[in-house]
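The values are calculated or read from the model by the stated rules, or taken from the named source; none is laboratory data. The structure presented is a predicted model; accordingly, all values stated were derived computationally and were not measured. Note that we place each Cβ from the backbone using ideal geometry, even for glycine, and neighbour counts take in every protein chain shown. Quick note on the areas: whole protein, heavy atoms, side chains included, nothing else; ligands and nucleic acids left out. Shrake-Rupley method; radii C 1.70, N 1.55, O 1.52, S 1.80 Å.
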Amino acid sequence: MWRLWISLWLQLLSRCHVAGNVLPVVKKSHFDAPVVDILWLGKDREIVMLYTERGTLHRSSDQAGTFEETKLHSGQRQVHVVRLLMSPNSSFIALAVGNRLETFATDDAGLSWHEIHHPNAIRLSFMFHPNRPEWALLSAWTEDCRDARPGSPCTHQLLVTRDLGRTALESVSRHVVQFSWGRGDFTDRIYFTHFRDKNTRQPMLSRWMESVDFVSTDDFGKHVTTHVPRGNKFVVSEQFTLVAQCLDPQSQNVQLMVRKHSTANRDQPFEKAFIPTNLAEKSYTVLDASEG
């Protein structure tokens, strides 16, 4: 049986200096299939993690001089890797996702891995905290969503971890539409939109809807504050949070609500954004130029 060998050429800078110049060193490595993605991990980004089209995970600790295959197992089954993701806060933390949505995390640049156990799902999303390396939000569309029957208990769950998934994930809410960490003085706050009625199958947000609210929680779902009733979609920028509020589900008109990130505004309500011309607004494109 043919085995496909693909050569990956990696150009690295050597530590040898000749005539005051740094010369590149080209090294050749062989893998079982074409390389899909590469992460550079570690203190000086000297560790290389990559996976191939066959789902095999490889690690190099000598700047891609040599590679070793890393095998991840969920139960007795070896994981076929389909995605790698690095934390924006730490070059030692990364995720590997399998083709059955098995999720593994490392906090030592791929030397060791542990599985993040989450509800069985047909789709997953993962969002690292902006400042805390081991905090993250994870959302899961449950297996029931495969069933198209109106009464099936399909829901989009929002969960949180504060230890990179070493212990059980905490449930924040169900029937969630959109979610995000806060910014500025509110980075530990979780913002999300959700359907009020959680006793029926979660519908898709295919139009502006009266039954969706924009809310937040500061204690991981134990208490939830509604900021904009009928707030369907939102954007959290560096200085502002903007929310599209449904005014009339029949005409599909919306208005834009806004609040600046500040401890002084912690309990202040959202206000309607000032738009100098009266518009029959049905959608918005938001571009935040406050940071230049």
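Of the strands (runs of 3 or more DSSP E) lying entirely inside segment 136-189, not one is found with 2 or more residues being under 23 Å from A105 (Cα atoms), touching a Ser or Thr at 6+ places or on another chain (Cβ under 6 Å) and of a type in the set (K, R). Restricting attention to segment 124-141, the residues that are touching a strand residue (DSSP E or B) at 6+ places or on another chain (Cβ under 6 Å) and closer than 19 Å to A168 by Cα add up to 12. Candidates V26, V18: the one that is surrounded by fewer than 18 Cβ atoms within 10 Å (Cβ to Cβ), in contact with a strand residue (DSSP E or B) (Cβ under 6 Å, 6 or more places away or on another chain), modelled with pLDDT under 90 and not small (G, A, S) is V26.
Close contacts from segment 216-227, counting a first residue that is surrounded by 12 or more Cβ atoms within 10 Å (Cβ to Cβ) and a second that is modelled with pLDDT under 95, with Cβ to Cβ under 6 Å and a gap of 6+ residues or different chains, come to H227/F270.
Among F195, F179, which is the only one that is farther than 19 Å from S91 by Cα and open to solvent by 10 Å² or more (accessible area, probe 1.4 Å)?
F179
Restricting D144, D185, D163 to those that are closer than 23 Å to S91 by Cα, open to solvent by 10 Å² or more (accessible area, probe 1.4 Å) and among the charged types (D, E, K, R) reduces the list to D163. Only one of the numbered conditions (1) exposed (fewer than 15 other Cβ atoms within 10 Å of the Cβ); (2) in contact (Cβ under 8 Å) with a residue 60 or more places away in the chain is not met by S251, and that is (2).
Taking first residues from segment 82-105 that are without any contact (Cβ under 8 Å) to a residue 12 or more places away in the chain and on the phi > 0 side of the Ramachandran plot and partners that are of a type in the set (S, T, Y) and open to solvent by 10 Å² or more (accessible area, probe 1.4 Å), no Cβ contact under 6 Å between residues at least 6 apart in sequence or on separate chains turns up.
For H194, indicate whether it is more than 29 Å from D144 (Cβ to Cβ) and either of a type outside the set (F, W, Y) or under 22 Å from the mean Cα position of the chain (by Cα) (or both). No; evaluated as a whole, the condition is false for this residue. Restricted to segment 39-129, the set of strands (runs of 3 or more DSSP E) holding at least 2 residues that are open to solvent by less than 50 Å² (accessible area, probe 1.4 Å), more than 28 Å from L158 (Cβ to Cβ) and of a type outside the set (A, V, I, L, M, F, W, C) comprises 57-60.
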